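A.B. asks: Mind having a look at this structure? Questions to follow.
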Amino acid sequence: MALLDAPLVSALRGDRPATAPIWFMRQAGRSLPEYRDLRVGTKMLDACLDPEMAAEITLQPVRRHGVDAGVFFSDIVVPLKLAGVEVEIAPGRGPVFADPVRTADDVARVTSIPAAEIAAKADPIREAVRLTTQELNPQGIPLVGFAGAPFTLAAYLVEGGPSKEHMRARAMMHADPDAWHRLAGWLAEISATFLAAQIEAGASAVQLFDSWAGSLAPSDYRAFVAPHSKAVLDTVHAVPRIHFGVGTGPFLDDMRLDGSADGVGVDWRMPLDEAARIVGPDTTLQGNIDPAMLQAPWPVLEQHVREVVEAGRAARAHIVNLGHGVPPETDPTVLTRIVELVHSL
Ligand code: CP3
């Protein structure tokens, strides 16, 4: 059962809890020594499919930092792996695909895999979420489930691995729009199926990560990407939805997906009061501590966090987070200190 009254969930409904809820993207991961110890000898995607390990890694940062939410330890490419697509996560690099999807034939081949295949193989995901929420829900702490948005998944799948400007995925939109829409439509089904498994098993909110959307021209975002991301979030009815991207300032209003997102994530480039004017009174904002500030002396970081919380008062409600994920080299005691500060304001 989803937790309806937790501060994070009520902020997404538009209420203002007494103190702003806070969690960190990538809070589960390499900044924690207990994570690095547990992961020794286990590949990233094997860890994601081991329910006990995934649950334990999800819980580590909640215990340590006292954040207002857990974020499910998994990866945006896990549903593709469940679908039988050959993918690995190369340490220090990111997702790498054995067979990049570049031509119309490649698209036809990969999209012939039914999304139902994932639902049938998602028991390790459901079990990991169940183990996690069994521990979190009695403490009133919600679990945020997540999936990759179609464009960010395509940025890896079409290229075959990480890339700077995601040229091949952006090129496909214009070179073969039919193939692009077919691929993005299929990726939307894949991510929706991954979210459904997490919600069934107890996630109280979901976040759609379109991390690389900022590489798109606003007109391309609207024509080729937004309809597919909206399709993912429109399958979610039971829990509130957050939509996140980096560098999306030029089309932040589009990130609301016409109201299909209850909350929109903002990176560190745009102050939250300006973001609030853009998204208007019907959208909660999430963000936007600059990850670079985590290296600054505490008085500098403290001032920055206070400014973020202050600017967030312009939004209908505010969930404090970073503008992107926790960098691996972060001193975790700094994250705990930020949580204490935000809870004291
Ligand atoms: O704590 C959390 O936020 C939950 C877990 C989570 C991971 N990946 C764990 C992970 C989440 C939400 C993701 C999503 C994800 N995966 C995104 C969107 C979020 C973002 O940061 O923009 C993207 C783009 C990916 C693809 C991916 N997976 C990348 C770029 C990497 C990093 C590669 C590296 O080694 O630097 C991964 C691997 C990954 N996903 C790790 C973790 C903890 C590191 C694995 C390790 O320990 O080696």
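The values are calculated or read from the model by the stated rules, or taken from the named source; none is laboratory data. Owing to the predicted nature of the structure, the values given are computational and were not obtained by experimental measurement. When we count neighbours, we look across all protein chains shown, and the Cβ atoms used for this are built from the backbone with ideal geometry, even at glycine. These area figures cover heavy atoms from the full protein model, side chains too; ligands, DNA and RNA do not enter into them. Shrake-Rupley method; radii C 1.70, N 1.55, O 1.52, S 1.80 Å.
A.B. asks: So how far, in whole Å, is the C-alpha centre of the stretch 190-245 from the one of the stretch 299-319?
C.D. replies: A separation of 26 Å, based on Cα centres.
A.B. asks: I'd like to check one number: the per residue accessible area of the chain, probe 1.4 Å, reported in Å² as a whole number.
C.D. replies: On a per-residue basis, the chain sits at 39 Å².
A.B. asks: Suppose every Lys and Arg Cβ carries +1 and every Asp and Glu Cβ carries -1, with no other charges. What dipole size does the stretch 7-344 come out with about its Cα centre, to the nearest 20 debye?
C.D. replies: 260
A.B. asks: Report the Cα centroid-to-centroid distance between the stretch 43-64 and the stretch 99-136 in angstrom, as an integer.
C.D. replies: When both Cα centres are located, 18 Å separates them.
A.B. asks: Also, I was wondering about something else. Which of Ala184, Ala171, Ala69 moves most in a GNM of the chain, Cα contacts under 10 Å?
C.D. replies: Residue with maximal mean-square fluctuation among Ala184, Ala171, Ala69: Ala171.
A.B. asks: Can you give the extra length, in nm with one decimal, that the chain gains between Glu200 and Arg337 once fully stretched, where that is 0.36 nm per residue apart less the Cα-Cα distance?
C.D. replies: That pair, Glu200 and Arg337, stretches by 45.9 nm at full extension.
A.B. asks: Work out which helices of the chain, taken as complete DSSP H runs, extend at least 30 Å along their axis over the Cα atoms and score a mean Kyte-Doolittle of -1.0 or more, then list them. Walk me through the numbers on the way to the answer.
C.D. replies: On the way: long enough: 177-200 (34 Å, 0.29).
What comes out of the filter, once short or polar helices are dropped, is 177-200.
A.B. asks: Rounded to whole Å and sorted largest first, what semi-axes of the equivalent ellipsoid does the C-alpha gyration tensor of the stretch 183-301 yield via the square root of 5 times each eigenvalue?
C.D. replies: 25, 18, 14
A.B. asks: I need the Debye-formula profile for the stretch 7-344: one equal scatterer per C-alpha, no solvent, reported as log10 I(q)/I(0) at q = 0.09, 0.11, 0.16 1/Å, two decimals.
C.D. replies: -0.43, -0.66, -1.49
A.B. asks: Let me ask something additional. Exposed loop GluC sites (Glu not before Pro) only (DSSP loop, at most 11 other Cβ atoms within 10 Å): please give the longest stretch of the chain free of them, not including the sites.
C.D. replies: Numbers: sites that count: Glu86, Glu165, Glu329.
Excluding the exposed sites themselves, the longest stretch runs over 166-328.
A.B. asks: Another question, then. Using the Cα gyration tensor of the stretch 250-314, with a ≥ b ≥ c the square roots of its eigenvalues, what is the shape: rounded (a/c below 1.5), prolate (a/b larger than b/c) or oblate (neither)?
C.D. replies: Here the stretch 250-314 falls in the prolate category.
A.B. asks: Of all the accessible heavy-atom surface of the chain, with the other protein chains kept in place and a 1.4 Å probe, what percent is carbon and sulfur? Walk me through the intermediate numbers first.
C.D. replies: Working: 7000 of 13440 Å².
After summing per-atom areas, the C and S share lands at 52 percent.
A.B. asks: Which residue fluctuates most in the GNM of the chain (Cα springs below 10 Å): Ala275, Ala119, Ala296?
C.D. replies: Per the Cα network of the chain with a 10 Å cutoff, Ala296 tops the list.
A.B. asks: Subtracting the Cα-Cα distance from 0.36 nm times the residue separation, let me have the gained length for Arg16 to Glu274 in nm, one decimal.
C.D. replies: Between Arg16 and Glu274, full extension yields an extra 91.0 nm.
A.B. asks: Select from Ile319, Ile118, Ile278 the residue whose mean-square fluctuation is largest in a Gaussian network model of the chain (Cα-Cα springs shorter than 10 Å).
C.D. replies: Ile278
A.B. asks: Given a Förster radius of 45 Å and the C-beta distance between Glu86 and Asp5 as r, what FRET efficiency does 1/(1 + (r/R0)^6) yield to the nearest 0.05?
C.D. replies: Rounded to the nearest 0.05, the efficiency is 0.55.
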